[in-house]
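What follows is a short report on a single structure.
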Amino acid sequence: MLTKMRKSLSVAMIAMNEEANLPRTLASVRWADEIILVDSGSVDRTIEIAESFGAKTSYHDFGGHGEQKNVALDLCTSDWILLLDADEVLTPALQDEITKLLADEPEYGAYWIPRLNLIFGRWMRHGGFYPDRKLRLFRRGEARLSEGVGPHSTPQFQGRRGKLKNDMLHYAYPNMIVYLEHMNRYSSEIAQLLHRKGRTSKSLPTFVWNAVLNPAATFIYNYFFRLGFLDGREGLLLHLNHSVYIHWKFIKAWWLGQGKE
């Protein structure tokens, strides 16, 4: 009779000045067999905190979100990998679910994890922001992240995928200042990608759609049809500003297309 062996787990992370988030995040995965953290030049206590939780740390110049996370994946040595952001936390129920899954032979080679986002002090449960599933758990060597696609790179996995039931918590944007700073930076990164692809809204109809109608349609769809209004005042602020973010990335791409800096 063959004895089933528990599958080992590596947690792969990237970080840059994440001392405020790391203790909460690493406490939720300290039971993993290995924690790999790739730093891109933190000047706070990120490295010190990570190593206090037993993480293996290394430095790598930031070359893009997908590129940096692939560096972390390549350093992992366990059977399975959990890809985690520094502001994400596994609930006790999700920790237990993953532990039980890896105690046997998982049915699938990769798993979607539902993510619950904290934005402006409220857990967003409507408007397309929940369950916000992310493909984060997979066999080592069977998934890579897309490179050169900006801040929202997704692991690419060929094969059948399962879904976990319990939530991962994302402490995304505690206040409006942090949110606006991130959206400004992300929209600039995506505008550069759009510009390189020639998507600079050259014609007037395309400009009107990308810069005006698309943001407006997105707000109407998410806030009304996807019930974003059920998340109260914070939901209204989120969906208004998410539409502004869409406006920003297209007008920034258009601006670059005009030869502006």
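Remark: relative contact order (the stretch 163-261) = 40 percent; criterion is Cα-Cα distance under 8 angstrom and separation of 6 or more residues. Only helices enter the 222 nm calculation for the chain: every DSSP H run of n ≥ 4 contributes -39,500 (n - 2.57), and dividing by all residues gives -11000 deg cm²/dmol, rounded to 500. Which aspartates and glutamates have a Cα less than 16 Å from the Cα of residue 7, not counting those fewer than 8 places away in the same chain? Answer for residue 7, where 16 Å is the Cα cut-off: 33, 34, 79, 96, 97, 104, 105, 107, 142, listed by chain and number.
Net charge of the neighbourhood of residue 35, taken over other residues with C-beta under 12 Å away and scored Lys/Arg +1, Asp/Glu -1, is -1. Please tell me the relative contact order of the stretch 1-100 in percent, rounded to the nearest whole number, where contacts are Cα pairs under 8 Å and at least six residues apart. Relative contact order here is 40 percent.
Normalised by residue count, the stretch 176-261 yields a Cα convex hull volume of 83 Å³ per residue.
For the residues 249, 197, 163, a GNM of the chain with alpha-carbon springs under 10 Å puts the largest fluctuation on 197. Among the listed pairs 69/249; 134/252; 69/165; 100/134, those with a Cα-Cα distance over 22 Å are 69/249; 134/252; 69/165.
Summed over the residues of the stretch 131-206 and divided among them, the accessible surface reaches 58 Å² per residue at a probe radius of 1.4 Å. Other residues lying with their Cβ under 14 Å from the Cβ of residue 23 contribute a combined charge of -4, Lys and Arg counting +1, Asp and Glu -1.
Counting only protein heavy atoms and a probe of 1.4 Å, the accessible surface of the stretch 154-222 is 59% carbon and sulfur. Note the direction-averaged projected area, equal to a quarter of the hull surface, for the Cα convex hull of the chain, in nm². Hull-based average projected area comes out at 15.5 nm². Computed from the C-beta positions of residue 74 and residue 226 and an R0 of 30 Å, the FRET efficiency is 0.20 to the nearest 0.05.
Normalising the average separation of contacting C-alpha pairs (under 8 angstrom, six or more residues apart) by the number of residues puts the relative contact order of the chain at 18 percent. When only alpha carbons are used to place a centre, the stretch 10-85 and the stretch 184-226 end up 33 Å from one another.
The values are calculated or read from the model by the stated rules, or taken from the named source; none is laboratory data. The structure presented is a predicted model; accordingly, all values stated were derived computationally and were not measured. No Cβ is skipped: glycine too gets one built from the backbone with ideal geometry, and neighbour counts run over all protein chains shown. SASA here: full protein model, heavy atoms, side chains in, ligands and nucleic acids out. Shrake-Rupley method; radii C 1.70, N 1.55, O 1.52, S 1.80 Å.
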